[in-house]
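Notes for the one structure printed next.
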Amino acid sequence: MENLHNKTKLYLEANSKTENELFNGNIELQNDGAGTYIKIWNVSGVAKPTDSQLNALSSQATILENNAKVDVKRRTEYLSWQEQMEMIYKDQKNGTTTFKDHCDKVRSDNPKE
């Protein structure tokens, strides 16, 4: 369902709409066991996308999915906000770059597409 969600989000954005349409009841995605599909489409001024229109957004949707996974991994590796604040404090006190170095390593270890 996630990939269809991302394809739908991209389709909406390409048609000057926001992802809010997915959360305010205008669009409902459903999976009855045979795959996810758009059950309800009530977006003012935008026609329901065809399968070919959605499939054209597959590579972009995959990038969104992969980057979301990277974001989750980065959040855990950045440590708690308390630990980050301690690093920042010590860097300011000691003239070091521990916090910046830590953030750079988290980003390089978990690159986005």
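The values are calculated or read from the model by the stated rules, or taken from the named source; none is laboratory data. Keep in mind it's a predicted model, so treat the numbers as computed, not measured. Every residue, glycine as well, gets a Cβ built from its backbone with ideal geometry; the counts of neighbours run over all protein chains shown. Areas reflect the complete protein model, heavy atoms only, side chains present, ligands, DNA and RNA absent. Shrake-Rupley method; radii C 1.70, N 1.55, O 1.52, S 1.80 Å.
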Round to the nearest 0.05 the FRET efficiency obtained for SER16 and MET85 when R0 = 41 Å and r is the Cβ-Cβ distance. 0.55
Rounded to a whole %, the carbon-and-sulfur portion of the accessible area of the chain at a 1.4 Å probe is 51 percent
For the range 28-113, which chymotrypsin sites (Phe, Trp or Tyr not before Pro) are both in a DSSP coil and crowded by at most 16 other Cβ atoms within 10 Å? TYR78
Residue-count net charge about LYS17 - beta-carbon cut-off 14 Å; Lys, Arg +1, Asp, Glu -1: 0
Per residue, how much accessible area does the chain have with a 1.4 Å probe, in Å²? 67 Å²
Using the alpha-carbon atoms, what tilt in degrees (0 to 90, nearest 10) does helix 2-14 show relative to the longest principal axis of the chain? 80 degrees
Tilt, helix 58-77 to longest principal axis of the chain (alpha-carbon atoms), in degrees rounded to tens, equals 30 degrees
Qualifying GluC sites (Glu not before Pro) for the range 1-96 [loop in DSSP, other Cβ within 10 Å: at most 15]: GLU19
Helix-derived mean residue ellipticity, 222 nm - over the chain, DSSP H n ≥ 4, -39500 (n - 2.57), to 500: -18500 deg cm²/dmol
Between ASP109 and ASN3, take the C-beta separation as r, use R0 = 25 Å, and let me know the FRET efficiency to the nearest 0.05. 0.50
